[in-house]
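Okay, so here's the structure we're looking at.
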Amino acid sequence: MNQSVVNSYNEAKKLYESHGIDVDQVLKQLSEIKISLHCWQGDDVRGFLFRDKELSGGIAVTGSYPGRASTPQELREDLEKALSLIPGKHKVNLHAIYADTDEQVDLDELEPRHFEKWVEWAKEQGLGLDFNPTYFSHPNAADGFTLSHTNDEIREFWIRHGKASRKIAEHFGRELGQTCFTNFWVPDGYKDTPVDRLAPRQRLAASLDEIFSELIDEQFNVDGVESKLFGIGSESYVVGSHEFYMGYGISRGKAITLDAGHFHPTEVISNKLSSILMFSKHLLLHVSRPVRWDSDHVVTMDDELLEIARELVRGDLLSKTSLGLDFFDGSINHLAAWVIGTRNTIKALLRAMLEPVEELRKIELAGDYTSRLALVEEFKSYPFGAVWDYYCASQGVPVREQWLNEVKRHEQEVLLKR
């Protein structure tokens, strides 16, 4: 390891240890946190099940950066490269449309065998897999409704897809020895103001109840339900609102999924975490960066990311939280997007873990808000970067921006030749 990296780390340790922070223990804890990398960043959410279908259902990707994956093997190759530049051991999050099969099969006919190559690859790489049923980019979602559809046949199609997805997820968990977190998000909603807001929500709740009626061991699969404020084609009304899924998830014992970009542009999710985990046994987080209306921007080290990390650490909520990414930016190198977003998420957690939480809590309980503010602000300029550099080096991944050289080399040798 570079001696200057070691020296800087040792000096940083002295500062943190003066506040009772065991930096070596922090890095051990950090190495045990798994981030779920979303596969759909690698190919602009196209998938492989319906290769000729255009995106629909409120999903839009901008940009045409060269080299996106067009086969499952290319996507796995890109994921391997990205993961080699990220410290720690993580997971990959699959959507149903990423089945690796030559069969002509529809969404409601999917089985674990259609993902067996993904399972074999995950075993080889020592990775876990998470899952998402795909409720978009399909003729049965053409009018913007799926599980809340008024048509019984269409609604039943999507119920079968949900049931099939949970069996696939259970297979992932059983085969890989890591719990698979399966996230349910549907785009259902109206572009203009509806007359009846209740009936679609009643249909959605009934459909979800039917999907979840089969008991699955939560050692292998945990279900999550995800809300959204509005989207393309559902600007005025979304059936699965935050209030709907908060009530549904808590009453049905399901995990609640919060996406950082699925709320009002001035609303943040960091302030929701402790409240939800008081009443919900588990939380799924889609870490993203909302800009104006949606969440498809690469995660940067902004204030909200830091607040999310602080809330998870200060409240000791990490053990009940599954962390994943969700953005799809086609305007920059697809691998770089993964690496930037994941490294930033881990880096934010490190910064939070390097705060003197117990000391700050005691100061707060004593009513010394002056000292609380002073310490919180001073720690913002403590040398966490030196600790981060050491962590990357100790994990065998590039330090600082050196990873970009690897991405650029991969782009020249692999991506631009596709």
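Residues that are in a helix (DSSP H, G or I) and out of contact with any helix residue (DSSP H, G or I) (no Cβ under 9 Å at 6 or more places or on another chain) within the range 376-401 comprise GLU377, GLU378, listed in sequence order. Considering (1) among the hydrophobic types (A, V, I, L, M, F, W, C); (2) buried (at least 18 other Cβ atoms within 10 Å of the Cβ); (3) touching a helix residue (DSSP H, G or I) at 6+ places or on another chain (Cβ under 7 Å), the lone condition that LEU284 does not fulfil carries the number (3).
In the range 329-385, the residue that is surrounded by the fewest Cβ atoms within 10 Å (Cβ to Cβ) out of those that are closer than 20 Å to VAL5 by Cα and over 27 Å from the mean Cα position of the chain (by Cα) is SER381. Scoring PHE136 on the criteria (1) among the aromatic types (Phe, Trp, Tyr); (2) surrounded by fewer than 23 Cβ atoms within 10 Å (Cβ to Cβ); (3) assigned to a loop (DSSP other than H, G, I, E, B); (4) touching an Asp or Glu at 6+ places or on another chain (Cβ under 9 Å) leaves a single failure, condition (4). For the range 312-325, the count of residues that are free of Cβ contacts under 8 Å to residues at least 24 places away in the same chain and within 18 Å of the chain's Cα centre (by Cα) is at least one. Of LYS91, LYS81, LYS117, all but one fail to be closer than 18 Å to THR179 by Cα and either charged (D, E, K, R) or surrounded by fewer than 21 Cβ atoms within 10 Å (Cβ to Cβ) (or both); the exception is LYS91. Residues that are within 21 Å of GLY173 (Cα to Cα) and either polar (S, T, N, Q) or in contact with a Ser or Thr (Cβ under 8 Å, 6 or more places away or on another chain) (or both): does the range 62-75 have at least one? No. Checking VAL225, VAL195 one by one, the residue that is of a type in the set (A, V, I, L, M) and either under 19 Å from the mean Cα position of the chain (by Cα) or at positive phi (or both) is VAL225 and no other. Picking from residues in the range 312-343 that are of a type in the set (Ser, Thr, Tyr) and closer than 23 Å to ARG400 by Cα, the one that is modelled with the highest pLDDT is THR342. Sub-8 Å Cβ pairs linking a first residue in the range 374-391 that is without any contact (Cβ under 8 Å) to a residue 40 or more places away in the chain to a second residue that is among the β-branched types (Val, Ile, Thr), at least 6 apart or interchain, are LEU375/ILE363, ordered by first then second residue.
Do we find that ASP192 is surrounded by fewer than 16 Cβ atoms within 10 Å (Cβ to Cβ) and farther than 17 Å from LYS34 by Cβ in this structure? Answer is yes for this residue. When the range 206-234 is filtered for residues that are touching a residue at least 40 places away in the same chain (Cβ under 8 Å), under 21 Å from PHE172 (Cβ atoms) and part of a loop (DSSP other than H, G, I, E, B), the ones remaining, listed by number, are PHE212, GLU214, ILE216, ASP217, GLN219, PHE220. Here GLY67 does not fit the description of being over 29 Å from ARG409 (Cα atoms), modelled with pLDDT under 95 and crowded, with 16+ Cβ neighbours inside 10 Å.
Here is the figure for the range 25-37: residues that are surrounded by 11 or more Cβ atoms within 10 Å (Cβ to Cβ) and not in a loop (DSSP other than H, G, I, E, B) total 8. Across the range 235-244, the number of residues qualifying as touching a strand residue (DSSP E or B) at 6+ places or on another chain (Cβ under 6 Å), part of a loop (DSSP other than H, G, I, E, B) and surrounded by fewer than 22 Cβ atoms within 10 Å (Cβ to Cβ) comes to 1. Restrict the check to the range 97-110 and report whether at least one residue is outside any helix (DSSP H, G or I), closer than 22 Å to GLN395 by Cα and among the β-branched types (Val, Ile, Thr). No, the range 97-110 contains no residue that is outside any helix (DSSP H, G or I), closer than 22 Å to GLN395 by Cα and among the β-branched types (Val, Ile, Thr).
The values are calculated or read from the model by the stated rules, or taken from the named source; none is laboratory data. Since we're looking at a predicted model, the values are computed, not measured. Virtual Cβ from ideal backbone geometry, glycine too; neighbours counted across all protein chains shown.
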